[in-house]
Amino acid sequence: MGALRLPALTSIFTSSSSVRSSPAILPLKHRLRLPLRRPFSAQSTTEKVVAPELGDGKGKVVDKEKDRVITPRSQDFNAWYLDVIANAELADYGPVRGTMVIRPYGYAIWEAIQEYMNVKFKETGHSNMYFPQFIPYSFIEKEASHVEGFSPELALVTVGGGKELEEKLVVRPTSETIVNHMFTQWIHSYRDLPLMINQWANVTRWEMRTKPFIRTLEFLWQEGHTAHATAEEAEEEAMQMIDVYTKFAYEQAAIPVIAGRKSRVETFAGASTTYTIEAMMGDRKALQAGTSHNLGQNFSRAFGTQFTDENGQRQHVWQTSWAISTRFVGGIIMTHGDDAGLLLPPRLAPVQVIIVPIWKKDNEKAGVLTASSSVKESLQAAGIKVKIDDSDQRTPGWKFNYYEMKGVPLRIEIGPRDVSSGTLVISRRDVPGKQGKVFGISMEPSALVAYVKDKLNEVQSSLLERATTFRDSNIMDVSSYDELKDAIAQGKWARGPWSAGDEEESKVKEETGATIRCFPFEQPEGPKKCLMTGNSADEVAIFAKSY
């Protein structure tokens, strides 16, 4: 496919080149150095993102101006990922190393995630609100494990309005501390509970190794925060929200995540228990796609967040927090994308159907465009996200490849013969070539709408089935440490009984690069022996290398 090979995007997320400093923002222990955007090469300054032209018949996609390709996934997965982001116009780099600008097409995917989640959050009793992004440093220090866990990632503001600040401010890495500060003022009695809120916000974590969408200095997310009267209510809430995320992953993103509990080592700093959904990417690395934390009373004790119970006794509240972020967009790219580019699940696609009118003679144009507009109106009225590309600057073949690269699930082709017969052609993005193309589909509105909806559902199901098959074929059940090491060496996930301690878990990470992704909720029955120690084990754990 036509490609912008983006050396600048690659370097901006991996380079450790020299930088210039800012006196106003500091990380925890040393002055923060903010790199300016590296200049393009002489070649890339004159090149623009040019969409693909027709194939040459040998499986190679060429461009009239210059031969540009999307790196094959099997050749270099990271380069493929960056090529897809560039060509599908999902994001670009920011002027500070490790930051990104989310472009309209990429942001539209995030908006689809927001729209679904907002409904689910409100259905489960949560209200949206907003907290400031600047947090007094003293707040972060109040919960010992929290500040210890986040200290390497904190960015601090030390100067404001040209003056040294009396107290450093933390640029929000997460909001448990400021939320508790406010909860302490709002919660007085058991009648004020449960208090359940969510905010859509940006956060800043000073990551040393970054990757667009997956791990950036600043990213977008939602973060839910709740306070409850009992430990049981908090646990029920934490489990409810990981279930919301799991259903979203399966039903909307077509990503077959594994839901489970994090190990002590991997638990969120300040939480009693962390629940997670883990997704297998196309390179078989794990992606932590969403988390839900039972915070217990750790933050309420640190901040004195109390309420008077029904017996007139003062009690600390029990809390949760939970979040998904724009890394889910990266997860969608790496789960479903192929060598042709992006491949979007229909329920999250900004454009579900692209209509490409085709004509050769001027006297054919009006009829084809009229028919195309009529088809668009019918589909749009049925709630389908549809677009017509009626530009005459590019050939139909160019458009076919371009919208395949953009991951549009269905393509409708309408030419003069189709107008005469009252039919059209529909192609599926997930089934390449002639196999995915169906001719003679009626333009009659009710029949067409029913057919298109059915095909969109088929694409959605096909993507989930394909990803599930890939995941299951790359998980190895192991019963010894040697078998675990062998599975990880093959690039697979290892699933085996585990009851060893933190020290043994750290040994696995040091020697294999893999971590415990989770103890799945779905556990096999029967007696088990720990793969590391040989002792009795109650659970199996999943180990994998991860992003």
Original post:
Of all residues in the stretch 121-142, which are free of Cβ contacts under 8 Å to residues at least 40 places away in the same chain and under 18 Å from GLN222 (Cβ atoms)?
Top reply: LYS122, GLU123
**OP:** Give the residue, chosen from ALA489, ALA494, that is open to solvent by 80 Å² or more (accessible area, probe 1.4 Å), small (Gly, Ala, Ser) and farther than 30 Å from GLY415 by Cα.
**Re:** ALA489
Subject >> Selection status of VAL257, crowded, with 23+ Cβ neighbours inside 10 Å and either among the acidic types (Asp, Glu) or over 29 Å from GLU218 (Cα atoms) (or both) >> reply: no
Subject >> Among residues of the stretch 471-485, those that are under 29 Å from the mean Cα position of the chain (by Cα) and open to solvent by less than 70 Å² (accessible area, probe 1.4 Å), counted >> reply: 5
Subject >> Lone unmet requirement of (1) open to solvent by less than 10 Å² (accessible area, probe 1.4 Å); (2) modelled with pLDDT under 95 for LYS361 >> reply: (1)
**OP:** Six or more apart or on different chains, Cβ under 7 Å: which pairs go from a residue in the stretch 268-280 that's free of Cβ contacts under 8 Å to residues at least 24 places away in the same chain and open to solvent by less than 20 Å² (accessible area, probe 1.4 Å) to one that's part of a strand (DSSP E or B) and not β-branched (Val, Ile, Thr)? Could you list them?
**Re:** THR274/HIS293
**OP:** Could you tell me whether the stretch 372-386 includes any residue that is among the hydrophobic types (A, V, I, L, M, F, W, C), touching a residue at least 12 places away in the same chain (Cβ under 8 Å), open to solvent by less than 10 Å² (accessible area, probe 1.4 Å) and farther than 28 Å from GLN114 by Cα?
**Re:** yes
**OP:** Evaluate the stretch 234-246: report whether one residue or more is open to solvent by 30 Å² or more (accessible area, probe 1.4 Å), assigned to a strand (DSSP E or B) and more than 17 Å from GLN319 (Cα to Cα).
**Re:** no
**OP:** Look through the stretch 146-165, keep the residues that are touching a strand residue (DSSP E or B) at 6+ places or on another chain (Cβ under 9 Å) and open to solvent by 50 Å² or more (accessible area, probe 1.4 Å), and return whichever of them is modelled with the lowest pLDDT.
**Re:** PRO152
**OP:** Tell me, yes or no, whether the stretch 508-520 has at least one residue that is closer than 20 Å to THR267 by Cα, open to solvent by 80 Å² or more (accessible area, probe 1.4 Å) and part of a helix (DSSP H, G or I).
**Re:** yes
Original post:
Is the stretch 117-138 home to any residue that is open to solvent by 10 Å² or more (accessible area, probe 1.4 Å), in contact with a Phe, Trp or Tyr (Cβ under 9 Å, 6 or more places away or on another chain), within 19 Å of ARG215 (Cα to Cα) and in the same structural domain as THR273 (by the TED database)?
Top reply: no
Subject >> Pairs where the first residue, in the stretch 303-328, is closer than 15 Å to SER189 by Cβ and open to solvent by 10 Å² or more (accessible area, probe 1.4 Å) and the second is basic (Lys, Arg) and not in a strand (DSSP E or B), C-beta under 7 Å, 6+ apart >> reply: HIS316/ARG301
**OP:** State all residues of the stretch 182-209 that are open to solvent by 10 Å² or more (accessible area, probe 1.4 Å), in contact with a helix residue (DSSP H, G or I) (Cβ under 6 Å, 6 or more places away or on another chain) and not aromatic (Phe, Trp, Tyr); if no residue qualifies, say none.
**Re:** THR184, ARG205
Original post:
Among the residues of the stretch 437-460, is there at least one that is assigned to a loop (DSSP other than H, G, I, E, B), at positive phi, surrounded by fewer than 16 Cβ atoms within 10 Å (Cβ to Cβ) and not assigned by the TED database to the domain that holds THR274?
Top reply: no
**OP:** Kindly indicate whether PRO52 is farther than 22 Å from MET208 by Cβ, open to solvent by less than 20 Å² (accessible area, probe 1.4 Å), assigned to a loop (DSSP other than H, G, I, E, B) and modelled with pLDDT under 95.
**Re:** yes
Subject >> Residues satisfying the stated conditions in the stretch 120-142, i.e. closer than 20 Å to ARG172 by Cβ and of a type in the set (Asp, Glu) >> reply: GLU141
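The values are calculated or read from the model by the stated rules, or taken from the named source; none is laboratory data. This one's a predicted model, so the numbers in the text were calculated from it and none came from an experiment. So basically every Cβ, Gly included, is an ideal-geometry build from the backbone, and we count neighbours across all protein chains shown. With ligands, DNA and RNA removed, areas are computed over all heavy atoms of the protein, side chains included. Shrake-Rupley method; radii C 1.70, N 1.55, O 1.52, S 1.80 Å.
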